[in-house]
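To start, the structure under review is shown below, and the notes come after it.
The values are calculated or read from the model by the stated rules, or taken from the named source; none is laboratory data. Just so we're clear, the structure is a prediction, and the values are computed from it rather than from any experiment. Reconstructed Cβ throughout: ideal geometry from the backbone, glycine too, with neighbour counts over all protein chains shown.
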């Protein structure tokens, strides 16, 4: 499903080049749940954003289900992402002037769904927010906003779901609810699920843990502790 080959990401900081990702190569098969972990600044969120096509790498290749997304124009990538990728931002990124229902319905409306509101209502019920669908983000707690963001990410039944620190802004009890929700929705919808997280509880549920350090793959292990070659396709 996802093939990353020789990925580099370099930025210019104060006139000096800074390497964020350094020759990353990996393969993630269909429906696998993967946790990407590592210290702050190791390149985790950058890698996730590149796999979502939110940015372009300095060099290297990313193929999603056979499509070379690094070669797509911005408009083509937006259309592809709308149908194929669900993305959960750490800071929620809800539209403040829209209700919970309207926020979840947005990707469905963009996809031309004839029953966007109905599907959005079903998803909000699935995440325990049936009675909050007419509330605006400012009227929702952080945990409720994150659940709206999760529902929105699953709206178009994307085959790939990417989540950046989905429990990072939540207390432990609410974080546990979001973890259970992600696992249930992933199981029911059969999406490939890739999480960037510092949350060891969340990471422990993954079938596979990829550890980044200084922009490189330090380790890549399956849940049965079988160690994959560092930096090589898994």
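Looking only at the stretch 153-174, filter to residues that are touching a helix residue (DSSP H, G or I) at 6+ places or on another chain (Cβ under 6 Å) and in a helix (DSSP H, G or I); which one of those is surrounded by the fewest Cβ atoms within 10 Å (Cβ to Cβ)? In this case the residue turns out to be 174.
Take the conditions at pLDDT below 90, within 22 Å of the chain's Cα centre (by Cα) and either surrounded by 13 or more Cβ atoms within 10 Å (Cβ to Cβ) or within 14 Å of residue 149 (Cβ to Cβ) (or both) and apply them to residue 126. Does it pass? Yes; evaluated as a whole, the condition is true for this residue. Of 88, 160, 69, 95, all but one fail to be more than 20 Å from residue 184 (Cβ to Cβ) and touching a strand residue (DSSP E or B) at 6+ places or on another chain (Cβ under 7 Å); the exception is 69. So is residue 138 surrounded by fewer than 18 Cβ atoms within 10 Å (Cβ to Cβ) and either part of a helix (DSSP H, G or I) or modelled with pLDDT of 95 or more (or both) or not? Yes; evaluated as a whole, the condition is true for this residue. On inspection, residue 177 fails the criterion of being modelled with pLDDT under 90 and either touching a strand residue (DSSP E or B) at 6+ places or on another chain (Cβ under 8 Å) or surrounded by 20 or more Cβ atoms within 10 Å (Cβ to Cβ) (or both). Within the stretch 141-148, one or more residues are in a loop (DSSP other than H, G, I, E, B), modelled with pLDDT of 90 or more and surrounded by fewer than 17 Cβ atoms within 10 Å (Cβ to Cβ). Restricting to the stretch 90-102, name every residue that is closer than 12 Å to residue 138 by Cβ and not in a loop (DSSP other than H, G, I, E, B). Answer for the stretch 90-102, where residues must be closer than 12 Å to residue 138 by Cβ and not in a loop (DSSP other than H, G, I, E, B): just 100.
Filtered by the rule that a residue be surrounded by fewer than 19 Cβ atoms within 10 Å (Cβ to Cβ) and under 15 Å from the mean Cα position of the chain (by Cα), the stretch 50-79 gives 54, 55.
Cβ separations smaller than 8 Å between residues 6+ apart or across chains give the following pairs from the stretch 28-53 residues that are in contact (Cβ under 8 Å) with a residue 12 or more places away in the chain and at positive phi to residues that are buried (at least 22 other Cβ atoms within 10 Å of the Cβ) and in a loop (DSSP other than H, G, I, E, B): 31/191; 43/215. Looking only at residues in the stretch 62-83 that are part of a loop (DSSP other than H, G, I, E, B) and in contact (Cβ under 8 Å) with a residue 12 or more places away in the chain, which one is nearest to residue 5 (Cα to Cα)? The residue in question is 65.
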